[in-house]
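A.B. asks: Mind having a look at this structure? Questions to follow.
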Amino acid sequence: MTHQLATIGHILYDVRCYLHEFPKPDRTSFTNGRIKYSAGGSACNVAVAASRLGINSAMCGAIGFDDYGKYLIDNFISEGVDPTHVKIAYGESTGVSIIAVNVEGEVEIMEMLGANSALMKHDVRKEFIECSTMLHMTGTDLECLERASKLAVEAGVKVSFDPGRSISSRGYHKLMHILNNTDYILINKKEAAQLAETTDDKDVEEIVDILEKGIKKKITYVIKSGKDPTYVRTPSEAFKIKSFKVDVVDTLGAGDAFAGGFVTGIINGMDVKNSVIQATAVAALKIQREGAQSSPTLGEYTEFIRKHRKDVEIEKA
């Protein structure tokens, strides 16, 4: 089956608790309302975000043969994401995240990877990659990421990579075999510093300098900064785009919504600048709602950008 976006990474069942403040040792924190659940996992969130924006998306990951896994497959189907390449790891439990969200919308996450650890490089099939326009990778087994990105390069498929905390912490030297196959790196400043094998007290420009000199391949770096401006450096220019001012309810999955907006822009033929504007708007809409997969529909995004396009602020960096 042909799809525009192929995503690979973790698939998780999210359990969310909304609190006034995060728990402290030997103290009880009471939830604001009921405990809630939904689908999650970075790659899963990106696939759903892109699908809601009109992109044919497919997912490669692993779940267990259990009720959580069934829920997640049903969610993919209802969201229009092709789950054909999702592995069912018999004998493993579907991955679960326990998430606390405070009154400022900040999150703390405890994660059990479960079946996600069962994804092997042979589970990444050639046909999954070569029939797509773009591949988006998030943190998972490095051999799987290497195989997926290699197949993408061979098929002429563009590659975006959001390595997350655990993969970034390994540093770019150990990830060179993946980074050399990457066209776009989507990452926050702290993760970028880890990837560059330096500290995050440096300016973002210095961090990207280290990555450019170390990796050498021409890559577009998109450094997400939450409420602060996003720093972007392409092989030909650098600029910053300010975030939209909105009321924050839940930042869970904001970076994934951003990535979904960005890859959608690239797939639809937008340049990097307009793709980042779209990503920023999609993330702004998501953080006003609860849950990792509360990204907007194409209609909601279109209405938001129509009203707020005048608020976009871009400055050269």
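The values are calculated or read from the model by the stated rules, or taken from the named source; none is laboratory data. Quick caveat, the model's predicted, so the values are computed rather than measured. Glycine gets a Cβ as well: all are built from the backbone with ideal geometry, and neighbour counts include every protein chain shown.
A.B. asks: Take the stretch 77-100 and flag every residue that is within 24 Å of CYS144 (Cα to Cα) and charged (D, E, K, R).
C.D. replies: Within the stretch 77-100, ASP82, LYS87, GLU92 qualify.
A.B. asks: Go through (1) modelled with pLDDT of 95 or more; (2) β-branched (Val, Ile, Thr); (3) farther than 23 Å from ARG125 by Cβ for THR199 and report which single condition fails.
C.D. replies: (1)
A.B. asks: Yes or no: ASP82 closer than 28 Å to GLY299 by Cβ, in contact (Cβ under 8 Å) with a residue 40 or more places away in the chain, surrounded by fewer than 24 Cβ atoms within 10 Å (Cβ to Cβ) and of a type in the set (Asp, Glu)?
C.D. replies: Working: closer than 28 Å to GLY299 by Cβ: yes; in contact (Cβ under 8 Å) with a residue 40 or more places away in the chain: yes; surrounded by fewer than 24 Cβ atoms within 10 Å (Cβ to Cβ): yes; of a type in the set (Asp, Glu): yes.
Yes.
A.B. asks: Select, from PHE244, PHE239, the only residue that is among the hydrophobic types (A, V, I, L, M, F, W, C), part of a strand (DSSP E or B) and surrounded by fewer than 23 Cβ atoms within 10 Å (Cβ to Cβ). Steps first, answer last, please.
C.D. replies: Numbers: PHE244 fails: part of a strand (DSSP E or B).
Exactly one of PHE244, PHE239 is among the hydrophobic types (A, V, I, L, M, F, W, C), part of a strand (DSSP E or B) and surrounded by fewer than 23 Cβ atoms within 10 Å (Cβ to Cβ), namely PHE239.
A.B. asks: Within the stretch 218-240, identify whether any single residue is aromatic (Phe, Trp, Tyr), over 16 Å from the mean Cα position of the chain (by Cα) and farther than 30 Å from GLU127 by Cβ, and answer yes or no. Let's see the steps before the verdict.
C.D. replies: The initial filter retains those residues of the stretch 218-240 that are aromatic (Phe, Trp, Tyr), namely 221, 231, 239.
Retained after the next criterion (residues that are over 16 Å from the mean Cα position of the chain (by Cα)): 231, 239.
After this cut, where a residue has to be farther than 30 Å from GLU127 by Cβ as well, the list is 231, 239.
Checked the stretch 218-240: at least one residue is aromatic (Phe, Trp, Tyr), over 16 Å from the mean Cα position of the chain (by Cα) and farther than 30 Å from GLU127 by Cβ.
A.B. asks: Which condition number does LYS227 fail, the rest of (1) free of Cβ contacts under 8 Å to residues at least 40 places away in the same chain; (2) buried (at least 22 other Cβ atoms within 10 Å of the Cβ) being met?
C.D. replies: The single condition LYS227 does not satisfy is (2).
A.B. asks: Hey, among the residues in the stretch 12-32 that are among the hydrophobic types (A, V, I, L, M, F, W, C) and over 30 Å from VAL86 (Cα atoms), which one's farthest from the chain's Cα centre (by Cα)?
C.D. replies: Filtering the stretch 12-32 for residues among the hydrophobic types (A, V, I, L, M, F, W, C) gives 12, 15, 17, 19, 22, 30.
Now drop any that are not over 30 Å from VAL86 (Cα atoms), which leaves 19, 22, 30.
Details: LEU19: 25, PHE22: 24, PHE30: 30 Å.
It comes out as PHE30.
A.B. asks: List the number of the failed condition for THR140; all other conditions in (1) crowded, with 18+ Cβ neighbours inside 10 Å; (2) modelled with pLDDT of 95 or more hold.
C.D. replies: (2)
A.B. asks: Here are ASN116, ASN75: which of them is of a type in the set (S, T, N, Q), modelled with pLDDT of 95 or more and under 22 Å from ASP250 (Cα atoms)? It would help to see each step written out before you state the result.
C.D. replies: Values: ASN116 fails: under 22 Å from ASP250 (Cα atoms).
Result: ASN75 is the single residue among ASN116, ASN75 that is of a type in the set (S, T, N, Q), modelled with pLDDT of 95 or more and under 22 Å from ASP250 (Cα atoms).
A.B. asks: Just to be sure, is PHE258 closer than 20 Å to GLY54 by Cβ, out of contact with any Cys (no Cβ under 7 Å at 6 or more places or on another chain) and crowded, with 23+ Cβ neighbours inside 10 Å? Quick ask: steps written out before the conclusion?
C.D. replies: On the way: closer than 20 Å to GLY54 by Cβ: yes; out of contact with any Cys (no Cβ under 7 Å at 6 or more places or on another chain): yes; crowded, with 23+ Cβ neighbours inside 10 Å: yes.
So PHE258 fits the description; yes.
A.B. asks: Select from the stretch 35-72 the residues that are surrounded by fewer than 17 Cβ atoms within 10 Å (Cβ to Cβ) and among the β-branched types (Val, Ile, Thr) and list them in ascending order.
C.D. replies: ILE35
A.B. asks: Take the residues in the stretch 6-34 that are surrounded by 12 or more Cβ atoms within 10 Å (Cβ to Cβ) and hydroxyl-bearing (Ser, Thr, Tyr), then tell me which one is modelled with the lowest pLDDT.
C.D. replies: The residue in question is SER29.
A.B. asks: Let me ask another. Would you mention how many residues in the stretch 233-247 are of a type in the set (A, V, I, L, M, F, W, C) and under 17 Å from ALA192 (Cβ atoms)? If you could, list the steps in order and put the result at the bottom.
C.D. replies: Of all residues in the stretch 233-247, those of a type in the set (A, V, I, L, M, F, W, C) come to 238-239, 241, 244, 246.
In the following step, the residues that additionally are under 17 Å from ALA192 (Cβ atoms) were identified as 238-239, 241.
The total comes to 3.
A.B. asks: May I ask you to say which residue of VAL249, VAL222 is more than 14 Å from GLU315 (Cα to Cα), in contact (Cβ under 8 Å) with a residue 60 or more places away in the chain and either buried (at least 18 other Cβ atoms within 10 Å of the Cβ) or not hydroxyl-bearing (Ser, Thr, Tyr) (or both)? Give the steps one after another, and end with the answer.
C.D. replies: Values: VAL222 fails: in contact (Cβ under 8 Å) with a residue 60 or more places away in the chain.
Answer to the check: VAL249.
A.B. asks: Do you know which of the residues in the stretch 150-199 that are part of a loop (DSSP other than H, G, I, E, B) and either hydroxyl-bearing (Ser, Thr, Tyr) or on the phi > 0 side of the Ramachandran plot (or both) is surrounded by the most Cβ atoms within 10 Å (Cβ to Cβ)?
C.D. replies: In the first step, residues of the stretch 150-199 are kept if they are part of a loop (DSSP other than H, G, I, E, B); the result is 156-157, 163, 169-171, 180-183, 196-199.
Those still in the list that are either hydroxyl-bearing (Ser, Thr, Tyr) or on the phi > 0 side of the Ramachandran plot (or both) too: 156, 169, 171, 182, 197-199.
On the way: GLY156: 8, SER169: 14, GLY171: 15, THR182: 23, GLU197: 16, THR198: 15, THR199: 10.
Restricting to residues being part of a loop (DSSP other than H, G, I, E, B) and either hydroxyl-bearing (Ser, Thr, Tyr) or on the phi > 0 side of the Ramachandran plot (or both), the top hit is THR182.
A.B. asks: State all residues of the stretch 1-38 that are under 27 Å from GLU130 (Cα atoms) and in contact with a strand residue (DSSP E or B) (Cβ under 8 Å, 6 or more places away or on another chain); if no residue qualifies, say none. Step through it out loud before you land on a result.
C.D. replies: From the stretch 1-38, those under 27 Å from GLU130 (Cα atoms) are 1-12; that's our starting set.
MET1, HIS3, GLN4, LEU5, ALA6, THR7, ILE8, GLY9, HIS10, ILE11, LEU12 - these are the residues of the stretch 1-38 that are under 27 Å from GLU130 (Cα atoms) and in contact with a strand residue (DSSP E or B) (Cβ under 8 Å, 6 or more places away or on another chain).
A.B. asks: Among the strands (runs of 3 or more DSSP E) lying completely within the stretch 52-149, list those that include at least 1 residues that are polar (S, T, N, Q) and over 17 Å from the mean Cα position of the chain (by Cα). Give the derivation first.
C.D. replies: Numbers: elements: 57-64, 81-89, 96-101, 107-112, 134-138.
The qualifying strands (runs of 3 or more DSSP E) are 81-89.
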